[in-house]
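All remarks here apply to the structure that follows.
The values are calculated or read from the model by the stated rules, or taken from the named source; none is laboratory data. Fair warning: this is a prediction, and the values are worked out from it, not measured in the lab. Using ideal geometry, Cβ is built from the backbone for each residue, glycine included, and neighbour counts are taken over all protein chains shown. To get the accessible areas, we keep the full protein, side chains included, count just its heavy atoms, and leave off ligands, DNA and RNA. Shrake-Rupley method; radii C 1.70, N 1.55, O 1.52, S 1.80 Å.
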Amino acid sequence: MPPLALTTICYRLLWAALLGSVIGIERSIRRRPAGMRTSACVAIGSALFTILSVEIAHATGDPSTTRIASNIVQGIGFLGAGVILREGGSVVGLTTAAAVFAVAAMGMAAGGGFYAASGAATLVVLLTLVVFVYIENLFNLKPRYMLFRVSSDQAQDLVPEVHSIFTKLGIALDNFQVSMAGEKHLIQFDAEVSHRQQEAIVQSMTRPGVTFEMLPFERKNG
């Protein structure tokens, strides 16, 4: 098989850049790491490494150079690990790391000339990132451990209300405390809540005369 023409190489790199950008735009819209530029660069780099591995093997007659493509997977693993962080009581960045891994695979497919396969993979990944968010919220599939602080002049009136609100939502309260903070009564507790439950709690607790805080919290395992 003759070497690839420069125009073919450019087409493959541009296709890879387009596919990576599509996933990167979704990450940027959700204000996540690895946005459009990062994802495009990952896809382009993966495509170029794939092209080089084949072209070098043809030029030198050494098939071992095709291992370049296999090493992309290991390199992307390190890059993906860099976007995984601990935020409060949760680990964040796993979805972005997985998206980076998928973008690299798309770039490899584009670099190999599999235009339809790489395009289909991009569509599936994009649908996964967009649609599954609504499914998680609909069925409360992604809870987070949060610290709640409620302060008011009349804490004794708020205690039964807090218990009532959280009981109706099916949320168990941990480490429930009532104390004084200056002239204010402070109610503090922590609980595991989903995104939809957080919205319902905020709507129920936010009103004049009541200070309400909800913060990510790392559960202490003893």
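Before moving on, here are some points about what is shown:
So that you can scan it fast, the table gives a plain yes or no per residue for (1) closer than 23 Å to residue 197 by Cβ; (2) open to solvent by 30 Å² or more (accessible area, probe 1.4 Å); (3) at pLDDT 90 or above:
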residue	(1), (2), (3)
87	yes, yes, no
90	yes, no, no
100	no, no, yes
103	no, no, yes
109	no, no, yes
116	no, yes, yes
122	no, no, yes
135	yes, yes, no
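Table: residues versus (1) touching a Pro at 6+ places or on another chain (Cβ under 8 Å); (2) modelled with pLDDT under 85.
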{"site": "142", "(1), (2)": "no, yes"}
{"site": "146", "(1), (2)": "yes, no"}
{"site": "156", "(1), (2)": "no, yes"}
{"site": "159", "(1), (2)": "no, no"}
{"site": "163", "(1), (2)": "no, no"}
{"site": "167", "(1), (2)": "no, no"}
{"site": "187", "(1), (2)": "no, no"}
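- Here 126, 158 are screened, and the one residue that is part of a helix (DSSP H, G or I) and in contact with a strand residue (DSSP E or B) (Cβ under 8 Å, 6 or more places away or on another chain) is 158.
- Residue list for the range 153-204, filter: in contact (Cβ under 8 Å) with a residue 24 or more places away in the chain, farther than 22 Å from residue 142 by Cα and open to solvent by 80 Å² or more (accessible area, probe 1.4 Å): 153, 154, 156, 183
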